Amino acid sequence: RMVKQVLRRLVIGMMLQSFAATSVQAQTTDDLFDESIVQTLQISMNTRDWDTLRANFTSNDFYPADVTWNGMRVRNVGTRSRGLGSRNGIKPGLEVNFAHYSSRGEFLGLRALVLDNLTTDPSMIRERVAMAFYRRLGVPAPREVHANLFVNGQSMGVYVIVEPVDTVFLQRWLGENAGALYEYHWLTAYFLTFIGEDLDLYRPLFEPRTQETRSTFDLFDPIRELLRTINGAPSDSFRDSVNARLDLDSTLRLIAAEGFMAEWDGVLGYAGLNNIYLYRPAASAQARLLPWDADHTFQAADYPLLAGAAENVLMRRMLEDPALRARYFDLVLEAVGAASSGDWLVNEITRDYQQIRNAVIADTLKPYSIEDVDRAFAELLTFARTRPAFIRSQVQQNR
């Protein structure tokens with residue numbers, strides 16, 4: 001009898017272990033970025049480290065922490081304050097880097113996550129809606145989902161979990177990640193003019209995110225030559241010359257999406273180029289631009305479609321090419337159709353707002369009143385309902 005009891009316990013234990021393993025295996029990034037719910041994310045770290053991170057929120061210093069989601073716990077994760085205008089010591093934006101302390105570190109196959117503190121957008125949904133719209137149009141863009149964040153058991157309010165643009169992202173979207181990835185840094189108003197021959201001038205603008213140990217020439221000569229071509233290629237060979245170095249169709253698709261969404265801080269930004277990554281695949285010289293940080297989209301329903309186009313050298317020259325100009329306006333109308341079909345944009349904005357409103361009310365650290373949030377939501381709805389007609393008229397005037 002004792003032997004049977006021992007065997008029975010062993011079998012039950014094995015079954016429980018198998019069930020637990022199956023449950024863990026069932027969790028994927030699709031579950032993490034399940035947009036039908038507000039997720040819950042917990043961070044545990046030394047109290048002194050957390051206080052230091054908040055006090056020194058302008059610093060990029062990492063601190064060790066544990067991250068728990070849906071019963072899954074990842075230990076020894078690098079955590080730091082992040083952001084530019086959104087840097088905040090009360091409700092800090094955060095990067096959680098699973099590979100910071102160990103090159104093998106990962107979570108559900110992800111190397112890192114960004115936790116957006118939503119302090120620069122009163123609606124608290126702009127960027128999530130914008131990224132969903134990019135993806136709807138076939139533009140590679142991060143997945144995003146709202147979450148309630150807790151640090152050491154204390155509620156930090158509503159955040160957005162953002163998929164970073166990194167090698168994991170590239171593999172999922174482009175099917176390879178062996179190329180050179182650069183993050184563009186805004187330093188001053190820049191409109192894709194030719195910077196000059198000195199390759200050291202390119203490093204502050206285009207920070208390598210992969211292949212960091214390669215030579216300055218290997219990293220920045222392709223960017224220098226791309227900009228030289230954009231600025232100097234003769235008109236009759238501009239399209240072919242630039243397209244050999246930059247995927248013009250995907251670039252036009254990205255700019256068309258930005259144009260429809262009245263993105264004033266992107267490729268055609270009000271202060272020049274901003275909020276993009278540049279990726280050059282390993283097997284091709286043809287780079288492409290990838291969007292990032294879209295919390296300034298949906299500026300105004302009557303925001304001009306071609307705002308910033310004349311100042312940006314690339315866009316100005318693309319519009320001077322009849323074939324590229326026609327393609328751009330076709331893509332703009334495609335964006336109009338994607339937003340209007342089935343009232344997609346209206347429904348997306350409404351769904352996201354309704355989903356998070358109760359959590360937003362409970363968020364005592366947000367820099368807005370609930371009246372501010374409701375007002376911003378109403379403005380987004382007005383945008384979604386009136387922007388398509390305005391853009392159609394803009395296309396008709398400028399085509």
note = Of the listed residues (A244, A262, A282), the one being at pLDDT below 95 and either within 26 Å of E212 (Cα to Cα) or among the small types (G, A, S) (or both) is A282
key: Neighbours by Cβ (under 7 Å, 6+ apart or cross-chain): first from the range 213-241, within 15 Å of G196 (Cα to Cα) and of a type in the set (D, E); second at pLDDT 95 or above and open to solvent by 60 Å² or more (accessible area, probe 1.4 Å)   = E225/R245
message = Out of everything in the range 356-371 that is surrounded by fewer than 16 Cβ atoms within 10 Å (Cβ to Cβ) and in contact (Cβ under 8 Å) with a residue 40 or more places away in the chain, what residue ends up being farthest from T382 (Cα to Cα)?
response = T364
Any hit, the range 144-151, residues being farther than 21 Å from P92 by Cβ and open to solvent by 10 Å² or more (accessible area, probe 1.4 Å) = no
key: Members of the range 31-56 found to be farther than 30 Å from E348 by Cα and in a strand (DSSP E or B), listed by number   = S44, M45
task = Might you check whether a residue that is assigned to a helix (DSSP H, G or I), open to solvent by 30 Å² or more (accessible area, probe 1.4 Å) and either among the hydrophobic types (A, V, I, L, M, F, W, C) or under 25 Å from A335 (Cα atoms) (or both) occurs anywhere in the range 175-184?
result = no
ask   = Is one or more of the residues making up the range 59-75 open to solvent by less than 30 Å² (accessible area, probe 1.4 Å), out of contact with any strand residue (DSSP E or B) (no Cβ under 7 Å at 6 or more places or on another chain), assigned to a loop (DSSP other than H, G, I, E, B) and over 20 Å from R172 (Cβ atoms)?
value = no
message = D321 - would you say it is more than 23 Å from the chain's Cα centre (by Cα), within 21 Å of A132 (Cα to Cα) and not β-branched (V, I, T)?
response = no
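The values are calculated or read from the model by the stated rules, or taken from the named source; none is laboratory data. From a predicted model like this one, the values you see are computed outputs, not experimental measurements. Because the Cβ atoms are built from the backbone with ideal geometry, glycine has one as well, and the counts that use them run over all protein chains shown. Note: areas computed on protein heavy atoms with side chains; ligands, DNA, RNA excluded. Shrake-Rupley method; radii C 1.70, N 1.55, O 1.52, S 1.80 Å.
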